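Read the structure below first, then the notes.
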Amino acid sequence: MKLLIADDDPQILRALRITLGARGYVVVTAQDGEAALQAAIDHTFDLVILDLGMPRLDGLAVIDALRGWSSVPVLVVSGRSGSGDKVEALDRGADDYVTKPFSIDELLARIRALTRRSAGSDDEPVIVFGPITVDLSAKRVVRTAGAVSEPIRLTPTEWLILEVLVRNPGKLVGKQVLSTAIWGAHATSDTGYLRLYVGQLRKKLEPDPSKPRYLLTEAGMGYRFEPGAASE
């Protein structure tokens, strides 16, 4: 089982890496929010353990970005003990909250509970729209015409954008949420690059890129994936 642990305290990271590693977990660590988000984009984790008070991108911002495209369980481990902090983290998409200092037995119990809860939802879906099939597990896109299937090559950034959108069918994904999920804390309000990549995706996936049927623009707000859409 693979865990991502994000905390700006190197002693906590070292202690958890050793303790959880000794119990059979594969542990990846990050010392700031941007690194945590990048690790979550680059790898598949069974659980994210997240501090709130991190530099470059705080824990709440990481939760916001993750929930734009991922359902990975998030366990917040924070020194903030106020009920308001807990409520906000849970409302933003965290699955559980542990206050520092904590016992390792309590942490292990929370990890077991969260990973049991998500064990039945590990299979990645296959999404089909028109002639396009997106296999999220294999990270593969195929166009089928009759009996012939042709793989479609996407760049890593194009894949990430498509993955976020198809995981949220029919839902508006805000431009800033999408940009942060792709580029982390370096994302800016300039969405030109995002428009460029969405345009490239349309050229590869849409029957008529100038009149998109599936990857729709919500002017001034973001993008929406409509698998059953008939027209723009």
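FYI, it's all coordinate maths here, none of it is from the lab. Computed from a prediction, not measured in an experiment: that's the story for all the values here. Quick reminder, even Gly has a Cβ in these numbers, built from the backbone with ideal geometry, and neighbours come from all protein chains shown.
Points worth noting:
- By the count of neighbouring beta-carbon atoms within 10 Å, fewest first, Met54, Met1 end up ordered Met1, Met54.
- Those aspartates and glutamates that a straight Cα-Cα span of less than 20 Å connects to Lys2, excepting residues fewer than 8 apart in one chain: Asp32, Glu34, Asp42, Asp46, Asp51, Asp95, Asp96, Asp105, Glu106, Asp122, Asp123, Glu124
- C-alpha long axis of helix 83-92 to longest principal axis of the chain, angle in °: 20
- Hz values of 3J(HN,Hα) by residue in the range 63-69 - Karplus curve (6.51, -1.76, 1.60), Gly and Pro given as x: 4, 4, 5, 4, 6, x, 8
- ³J(HN,Hα) computed for each position of the range 161-168 - Karplus, 6.51 cos²θ - 1.76 cosθ + 1.60, integer Hz, glycine/proline x: 4, 4, 4, 4, 5, 6, 6, 10
- Debye equation applied to the C-alpha atoms of the range 126-225, log10 I(q)/I(0) at 0.11, 0.24 Å⁻¹: -0.31, -1.45
- Cross-link partners for Lys100 among the lysines, with Cα-Cα distance under 22 Å and sequence neighbours closer than 8 places in the same chain left out: Lys86.
- Put a plus charge on the Cβ of each Lys and Arg, a minus charge on the Cβ of each Asp and Glu, and nothing anywhere else: the dipole of the chain about its Cα centre is then about 460 debye.
- Looking at the chain alone, DSSP beta bridges between its own residues are antiparallel in about 55 percent of cases.
- Dipole magnitude of the range 1-127 about its Cα centre (Cβ charges: Lys, Arg +1; Asp, Glu -1), debye to nearest 20: 380
- Using just its DSSP H runs of length 4 or more, each adding -39500 (n - 2.57), the chain gives a mean residue ellipticity at 222 nm of -12000 deg cm²/dmol after division by all residues.
- Spatial extent of the range 2-121: Rg and Dmax, with the Cα atoms as the point set, Å: 12.9, 34
- Summed side-chain charge close to Phe225 - residues other than Phe225 whose Cβ falls under 9 Å, Lys, Arg +1, Asp, Glu -1: +2
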